[in-house]
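Single-structure report; data block below.
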Amino acid sequence: FFFLLCLGWCLRLLAVRALGSAFNLRFGASGASTRGGVVVDTFPYSIVRHPGIGSFLWTLPPALAIASGSILYGLVFFILVFSVYTRLCQKEEQALARVMPEYIRYCHKVRYRYVPFVY
């Protein structure tokens, strides 16, 4: 679990750094994968489309499992958060595709949302 926590926080910091001053917590056409109307495709965005959310998924469920002493709580929390964030990311990607045609090319180039070679 500790490894996942460290990996998640490192990925989160890299994602925030790649976005620089354009980092925000909003979903939609001004979402966190663009910087001034330009698609960010540098690391870690060159590997996954939503590294900040991926890091959240890697960090909070293990933390909850450790805090509660139950892997079941961590798993239930992961499933809940994964389903909510996946829906939000789909909406954000649809909004970005409408206003930024290059985002569609980016999605074809970077196939995975959260975890490379998994999803």
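Summary of values
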item: Of all residues making up the stretch 17-51, the number that are surrounded by fewer than 16 Cβ atoms within 10 Å (Cβ to Cβ), modelled with pLDDT of 85 or more and outside any loop (DSSP other than H, G, I, E, B); result: 1
item: Per-region count, the stretch 86-119, residues open to solvent by 30 Å² or more (accessible area, probe 1.4 Å) and in contact with a His (Cβ under 8 Å, 6 or more places away or on another chain); result: 1
item: Subset of the stretch 52-84 [of a type in the set (Phe, Trp, Tyr) and either outside any helix (DSSP H, G or I) or modelled with pLDDT of 90 or more (or both)]; result: PHE82
item: Residues of the stretch 61-119 classified as farther than 21 Å from ALA15 by Cα and touching a residue at least 40 places away in the same chain (Cβ under 8 Å), total; result: 4
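The values are calculated or read from the model by the stated rules, or taken from the named source; none is laboratory data. Since this is a predicted model, take the numbers as computed values, not measurements. Reconstructed Cβ throughout: ideal geometry from the backbone, glycine too, with neighbour counts over all protein chains shown. Areas reflect the complete protein model, heavy atoms only, side chains present, ligands, DNA and RNA absent. Shrake-Rupley method; radii C 1.70, N 1.55, O 1.52, S 1.80 Å.
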